[in-house]
Amino acid sequence: MKSAGQMALHETVLVLFVLVLLLIVGMVAYSRYTAYRFSSLALEMDEQQSTILLNSLLTLPELGCADEDCLDTGKFLPFQAVVNSDRGYYTQVFGAKKIVVSLLYPRPAEGDCTSQAYVEEGYPLNCNQWVLYDSPPQTIRQRIVVSSPLSLYFPETDTYALGRVDIDVYR
């Protein structure tokens, strides 16, 4: 039989073991909660940043109309060329995003608006979207899409149309 001192020592060790185990479980749970909270804050900040970018696209001199709140489609193809020639600068400005402007009404044909589509008969109704910027990261864990309707100006025909800008935020 064990003595009373040994029993008290075993009880103390058992109580300490349970307390340490509870402390470890609590620390793991807290660290997971904190990691989840940080990721949700990062997601919220990315969404807010995209909304700000969405609102500022109309005021960019490279894309916006001179006197009105619209996007000038005549500037889209030159903007794509500038982005491709100075990729580093625009990667700093926009980050890991994809910016696509789509023509919604009048109902156009499906397809990307390229320089080839621009010179064909039937422009602007022979295509429906311009990919202004696309810089995805190496690995995409998550994608958020922020969209907004806007007015598109076609200087070739001096007409306006309804469009939508989609900003895909990659994480």
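Considering (1) closer than 30 Å to L104 by Cβ; (2) open to solvent by 100 Å² or more (accessible area, probe 1.4 Å); (3) part of a helix (DSSP H, G or I), the lone condition that D67 does not fulfil carries the number (3). Screening P61 against (1) open to solvent by 60 Å² or more (accessible area, probe 1.4 Å); (2) modelled with pLDDT of 90 or more; (3) not acidic (D, E) leaves a single unmet condition, (2). Candidates T34, T51, T91, T12: the one that is assigned to a helix (DSSP H, G or I), farther than 30 Å from L162 by Cα and either modelled with pLDDT of 95 or more or within 26 Å of the chain's Cα centre (by Cα) (or both) is T34.
Return yes or no: is F76 free of Cβ contacts under 8 Å to residues at least 60 places away in the same chain, surrounded by 18 or more Cβ atoms within 10 Å (Cβ to Cβ) and not in a loop (DSSP other than H, G, I, E, B)?
Details: free of Cβ contacts under 8 Å to residues at least 60 places away in the same chain: yes; surrounded by 18 or more Cβ atoms within 10 Å (Cβ to Cβ): yes; not in a loop (DSSP other than H, G, I, E, B): yes.
Yes, satisfied.
Residue selection: T91 satisfies the criterion of being open to solvent by 40 Å² or more (accessible area, probe 1.4 Å) and either on the phi > 0 side of the Ramachandran plot or of a type in the set (S, T, Y) (or both).
The values are calculated or read from the model by the stated rules, or taken from the named source; none is laboratory data. Predicted, not measured: the structure shown is a model, and the values here were computed from it. Every residue, glycine among them, receives a Cβ derived from its backbone with ideal geometry; neighbour counts consider all protein chains shown. SASA here: full protein model, heavy atoms, side chains in, ligands and nucleic acids out. Shrake-Rupley method; radii C 1.70, N 1.55, O 1.52, S 1.80 Å.
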